[in-house]
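Here the structure is laid out as structure tokens; the discussion comes afterwards.
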């Protein structure tokens, strides 16, 4: 293995502030290559499988040492990435547990996004002006947030990050400062309906990070009930985002509030891929029980295909975890239901 810098942070790093992602990512790739960490960032930790089959303790010990070394490198790469982003960007990767997870999250959001390079002078000024508020929210300093918002009447609706998040977006997104969320929601403003650069409302952010308590408070405050079906720039409502990010508690909660939307989306005349995508996402996330509930309620989905030509059956077939020990033909649980007088068996 090539020699690595014993103190990688001694080498100057480019800092990503939300602009010119392509330039930053190219520099970071070179940086990781210089530290022999690029493979772990780009490909993730390799899967070693179960080592119990190895013939002797020496080989098992050797594999264990290799696994530990890979995990250590991954932690180092993740730490470097955390230091290489501005504080306004950090919360977007704060929940990542691997370097690849953090890298992919930034790539998904910023690569090829022209908006990430187009911040107005006013938005730049706001980011600087409201940085103390942003930091206070991350620290959970309710007293400071209270004082700041009392002195600056525009703070509630101001865009305080390069992603055009409001204070409510940030507080919900941390998942740990719901006392601040509760405080912000007591104030009369348009913050509930405000969308960030990605088109996400605070409810969508709650769905993405799995902040169930914040979602409940937001729904209670949303008297008109429009946030549940409010799509972001990618056309995804909070329920879909919750499924995409594997937030089962949020999916269960939002499914109970989205029946009207799903009924509309499933109708023959107006159907789009939202409903079918939801069931596919539930299967992908391993929420087979919820997928079965959806299929029993909206039976026509079982025989439909996505615009890509993919069916739900192919999605299930591509999930070995749906079968004990990865063996086909031994479903964890199953359910029957009728569609047009024909009986279907759903393996889940």
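The values are calculated or read from the model by the stated rules, or taken from the named source; none is laboratory data. Since the model is a prediction, treat every value here as computed from it, not as a measurement. For neighbour counting, all protein chains shown are included, and Cβ atoms are generated from backbone atoms with ideal geometry for every residue, glycine included.
Only residues that are in a helix (DSSP H, G or I), farther than 22 Å from residue 239 by Cβ and either at pLDDT below 90 or under 23 Å from the mean Cα position of the chain (by Cα) (or both) were counted in region 151-173, giving 2. Report whether or not residue 100 is surrounded by fewer than 15 Cβ atoms within 10 Å (Cβ to Cβ), in a helix (DSSP H, G or I), more than 12 Å from the chain's Cα centre (by Cα) and in contact (Cβ under 8 Å) with a residue 60 or more places away in the chain. No; evaluated as a whole, the condition is false for this residue. Regarding region 139-146, can at least one residue be identified that is assigned to a loop (DSSP other than H, G, I, E, B) and within 22 Å of residue 124 (Cβ to Cβ)? Within region 139-146, none of the residues are assigned to a loop (DSSP other than H, G, I, E, B) and within 22 Å of residue 124 (Cβ to Cβ). Inspection of region 255-265 finds no residue satisfying the criterion of being in a helix (DSSP H, G or I), surrounded by 22 or more Cβ atoms within 10 Å (Cβ to Cβ) and at pLDDT 80 or above.
Checked against the criterion of being closer than 23 Å to residue 252 by Cβ, outside any loop (DSSP other than H, G, I, E, B) and modelled with pLDDT of 95 or more, the candidates 205, 181 yield just one match: 181.
Cβ-Cβ distances below 9 Å connect no pair with a first residue in region 156-174 that is on the phi > 0 side of the Ramachandran plot and touching a residue at least 40 places away in the same chain (Cβ under 8 Å), a second residue that is buried (at least 24 other Cβ atoms within 10 Å of the Cβ) and part of a helix (DSSP H, G or I), and a separation of six or more residues or different chains. The conditions of being under 14 Å from the mean Cα position of the chain (by Cα) and on the phi > 0 side of the Ramachandran plot are not met by residue 235. Pull out all pairs, ordered by first then second residue, where Cβ-Cβ is under 6 Å, the residues are six or more apart or on different chains, the first lies in region 207-227 and is over 15 Å from residue 193 (Cβ atoms), and the second is part of a helix (DSSP H, G or I) and modelled with pLDDT under 90. Close Cβ pairs satisfying both conditions: 207/241; 207/242; 208/241. Just wondering, is there one or more residues in region 66-77 that are under 30 Å from residue 171 (Cβ atoms), modelled with pLDDT of 80 or more and in a loop (DSSP other than H, G, I, E, B)? No, because not a single residue in region 66-77 is under 30 Å from residue 171 (Cβ atoms), modelled with pLDDT of 80 or more and in a loop (DSSP other than H, G, I, E, B).
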